[in-house]
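See structure below.
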Amino acid sequence: MSYTLRYNRTITGLPVKFVSTNFGPLPIDPVIDSNNRNISETYVMALAGHTQPVTWWESDLRLGRYTNTIAFIDLPDMADECPFPPCEFPGRFKVERREAEWVNHFHVGKWSTSSFGLEYRREEGLSLGSSPFEANSETTSGFFQEQLRFFDRLFMTTGVRVEGNSEFGRNHTERGSLAYVVKEWGTRIHGGAGSGFRAPNFDELFFPGFSDPTLKPEVSFSWDFGVDQKLWKDRARLGLTFYQNDFENLISFVTIPAPPFVKGVNSGKARANGIEFTSEVDVLDNLVASLNYTYTNSLVLATRHPIPREPEHRWNIGLTWEPIRRLSLFSQVHVVTQQFDPNGGGVFNRGHTRVDIGGTYRLFNRYAFIQSVDLTARIQNLLNEGYAEVRGFPALGINSLAGLRVAF
């Protein structure tokens, strides 16, 4: 049995003025709005239990509750003639989600595991202030998954999920995968295919200004095929995967002339395909190097533009070093090429390179009911790279984070 309780309160300055994109794309350097801020409070509670009354049956039950309250405050600016009324925008938005999940696993020897599950989710939203609204939705789901293992070489998984939504009725998705291991060569061949379903989220359906209650669910079909290879007595681990995703009723955003100047829409059909390469090498017993690369070729058929904010090339280069047993240090380099941004009629945000460094130090192990305490720290965007993943909203410059991680 386990219980989780988390509380987070954040006060964030949002020095970005919301401006219309009818007069051109949003600038990389935004128009400053000094009295725009956001206050967020979040509660997360979860109760989970696990039991195994017999060797062949396991059962898990989870109950959860999530509550988020956001207050937006954007007062009139002294030198602004209020071109887009109302100029004062106080608003308070509360979203609450309750969940219950029950999953059962049935084992037949070491070669078969059958899983059955039920899930219930209810979401409620309330807005007070300049744009009042109230809405709720319910989702009930059932799913089944079968895993088969033969001779520690052939692995098969198949599953189906049926979901009933109060807004969109009943839908189902399926997924299957197959993997074969050649132990003598250190090779694993794998592939899979399945359908997907994504209902518009609460904000896309009901949030004042940019929501659209007539949005249709996004559906997709995807497949992938790849090979994993171990070399150098398993010190080098490589992987190469080809993938294809096809979407219908892709949920995206378009610009509009009135605040908040964007609105959710169904963009129609889209596709994305490419390759993923992963690699990890134990250079020394205490030094690990990694290099990951993703190539994505995407297209929204109606606009003939790439899927918004999806770069064509993405690189991730990392080093992890443990000079002593308690200390782990890392460095990461993220390289992203330009991405299409629909804000302002369609422009490309330039690519960028971000460098992060950090580490973790184990203060102590096992004291009373405490399993471990770690001191963590990281510096993000070490080289102070200037870029914007969403046009008009620049990313932070060099910044740092520090904290404690306690395990019970």
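Condition test on S298, is it among the small types (G, A, S) and over 30 Å from D374 (Cα atoms)? In short, yes.
Scanning segment 128-139 for residues that are part of a strand (DSSP E or B) and either under 30 Å from L178 (Cα atoms) or among the hydroxyl-bearing types (S, T, Y) (or both) yields a count of 2.
The number of residues in segment 197-223 that are at pLDDT below 95 and small (G, A, S) comes to 3. So L250 fits all but one of (1) modelled with pLDDT under 95; (2) within 30 Å of N36 (Cβ to Cβ); what number is the exception? Of the numbered conditions (1) modelled with pLDDT under 95; (2) within 30 Å of N36 (Cβ to Cβ), the odd one out for L250 is (2). Of G142, G125, all but one fail to be part of a strand (DSSP E or B), surrounded by 14 or more Cβ atoms within 10 Å (Cβ to Cβ) and modelled with pLDDT of 90 or more; the exception is G142.
Just one of (1) part of a strand (DSSP E or B); (2) closer than 30 Å to K230 by Cα fails for E184. It is (1).
Please work out if G386 is closer than 30 Å to V254 by Cβ and of a type outside the set (F, W, Y). The answer is yes for G386. Do the conditions hold for P200, that is, is it surrounded by 17 or more Cβ atoms within 10 Å (Cβ to Cβ), touching a Leu at 6+ places or on another chain (Cβ under 8 Å) and either of a type in the set (A, V, I, L, M, F, W, C) or over 24 Å from V227 (Cβ atoms) (or both)? For P200, the condition - surrounded by 17 or more Cβ atoms within 10 Å (Cβ to Cβ), touching a Leu at 6+ places or on another chain (Cβ under 8 Å) and either of a type in the set (A, V, I, L, M, F, W, C) or over 24 Å from V227 (Cβ atoms) (or both) - is met. Sub-8 Å Cβ pairs linking a first residue in segment 86-113 that is under 25 Å from N68 (Cα atoms) to a second residue that is modelled with pLDDT of 95 or more and acidic (D, E), at least 6 apart or interchain, are E99/E119; A100/E119; E101/D60; E101/E119; W102/D60; W102/E119, ordered by first then second residue. How many residues are loosely packed, with under 14 Cβ neighbours inside 10 Å and assigned to a loop (DSSP other than H, G, I, E, B) if we restrict to segment 376-395? Qualifying residue count for the region: 3.
Cβ-Cβ contacts under 8 Å between residues 6 or more apart (or on different chains), taken from a first residue in segment 154-171 that is under 12 Å from E138 (Cα atoms) to a second residue that is aromatic (F, W, Y), are listed as E163/F197.
Condition check for F225 on (1) crowded, with 17+ Cβ neighbours inside 10 Å; (2) under 17 Å from G191 (Cβ atoms); (3) without any contact (Cβ under 8 Å) to a residue 40 or more places away in the chain; (4) not acidic (D, E): one failure, at (1).
In the condition set (1) modelled with pLDDT under 65; (2) touching a strand residue (DSSP E or B) at 6+ places or on another chain (Cβ under 7 Å); (3) among the acidic types (D, E), D29 is compliant with all but (2). Filtered by the rule that a residue be part of a strand (DSSP E or B), touching a Leu at 6+ places or on another chain (Cβ under 8 Å) and within 12 Å of I251 (Cβ to Cβ), segment 211-237 gives a lone residue, E218.
Applying the criterion of being at pLDDT below 80 and surrounded by fewer than 16 Cβ atoms within 10 Å (Cβ to Cβ) to the residues of segment 85-122, the residue that is nearest to A48 (Cα to Cα) is P90. Within segment 43-54, residues that are assigned to a strand (DSSP E or B) and loosely packed, with under 14 Cβ neighbours inside 10 Å reach partners that are among the aliphatic types (A, V, I, L, M) and at pLDDT 95 or above with beta carbons closer than 6 Å, at six or more positions or on different chains, in the pairs G49/L61.
Within segment 337-350, being surrounded by 15 or more Cβ atoms within 10 Å (Cβ to Cβ) and under 17 Å from G397 (Cβ atoms) holds for one residue alone: N349.
Selection over segment 145-170 of residues that are in a strand (DSSP E or B) and under 16 Å from R198 (Cβ atoms) gives a count of 7.
The values are calculated or read from the model by the stated rules, or taken from the named source; none is laboratory data. Everything quoted here is computed from the prediction, not taken from an experiment. Neighbour counts run over all protein chains shown; Cβ positions are idealised from the backbone, glycine included.
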